[in-house]
Amino acid sequence: MNAMSYILNLIPLKTAYAHCDIPCGVYDPTPAQIAAHTVLRMTQMLEEVSASSKEPPFDERKRIISQIARLTKVKEEHGRLAEEELGTLDNDYFKPEHHKEFPELKELISNAVKLSIKTRQEIDTEAAQKLLETTQKIAEIFYKTKDFEPVRIPSGYPTEGEIVSHK
């Protein structure tokens with residue numbers, strides 16, 4: 001081992017995570033929308049969890065606890081994912097000229113982050129629906145900045161909502 005390799009091995013390494021370390025130009029609001037749909041669906045499913053009686057048998061309580069834990073975990077993961085995806089668009093894609101052309105953009109992104117946090121803290125279908133709607137408005141702006149006409153198409157998801165895409 002040469003001296004340089006020895007010295008480099010002594011330096012502690014930290015892993016950095018990013019969408020891209022170079023301006024790759026590959027940005028898309030679809031993952032944020034899918035994450036928001038997932039948050040909404042997990043919230044709906046959490047609200048549907050019920051017991052067969054006021055004092056259900058122990059095995060049923062275990063099943064309910066497991067179900068709630070799994071649904072909550074997925075809701076949390078996708079709430080974070082929606083926030084991360086929107087953060088990537090905000091930090092890496094949207095430029096000052098976009099914010100100037102669409103002055104509501106900064107507030108929409110701020111509200112989406114707040115809604116993402118709220119949907120992770122609570123079981124709130126209204127907040128989850130607002131997260132989806134806000135994410136869709138951001139997607140519409142995204143496509144407009146690319147000179148595409150945004151369109152809403154049926155998602156085909158159990159949330160019975162839409163996905164914003166483009167023509």
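Quote the charge dipole size of the range 12-167 about the Cα centre in Debye, to the nearest 20; the model charges only the Cβ of Lys and Arg (+1) and of Asp and Glu (-1).
360
Of 74, 109, 56, whose Cα points farthest to the positive end of the dipole of the range 27-166 (charges on the beta-carbon: +1 Lys, Arg; -1 Asp, Glu; origin at the Cα centre)?
Highest projection toward the positive end goes to 56.
So for the chain, Kirkwood radius off the Cα pairs, Stokes-Einstein at 4 °C and 1.567 mPa s: how many µm² s⁻¹?
71
At q = 0.12, 0.16, 0.20 Å⁻¹, what log₁₀ I(q)/I(0) does the range 33-91 have when each alpha carbon counts as one equal point scatterer in the Debye sum?
These q points yield log10 I(q)/I(0) values of -0.38, -0.57, -0.73.
For the range 27-166, what's the relative contact order in percent, using C-alpha pairs closer than 8 Å and at least 6 residues apart? Walk me through the numbers on the way to the answer.
Numbers: 160 pairs, mean separation 43.9, N = 140.
After rounding, I find 31 percent.
Straight-line reach from residue 118: which lysines have a Cα under 24 Å away, not including same-chain ones fewer than 8 places off?
Straight-distance partners of residue 118: 73, 75, 106, 130, 137.
Report the chymotrypsin sites (Phe, Trp or Tyr not before Pro) located in the range 59-155 that are in a DSSP loop and have at most 14 other Cβ atoms inside 10 Å of their Cβ, or state none. Kindly include the intermediate steps, with their values, before the conclusion.
Details: sites: 93, 94, 142, 143, 148; in loops: 94, 148.
Here the chymotrypsin sites (Phe, Trp or Tyr not before Pro) that fit, given the DSSP loop and packing criteria, are 148.
Test of the criteria: in the range 49-80, which trypsin sites (Lys or Arg not before Pro) are in a DSSP loop and have at most 10 other Cβ atoms within 10 angstrom of their Cβ? Present the calculation step by step, with values, prior to reporting the outcome.
Working: sites: 54, 61, 62, 63, 70, 73, 75, 80; in loops: 54.
Listed in order of number, the matching sites are 54.
Taken together, the values in this text are just the output of simple stated rules run on the coordinates, not laboratory data. In this text, all values refer to a predicted model and were calculated from it rather than measured experimentally. Cβ sites come from the backbone with ideal geometry, for glycine too, and all protein chains shown count toward neighbours.
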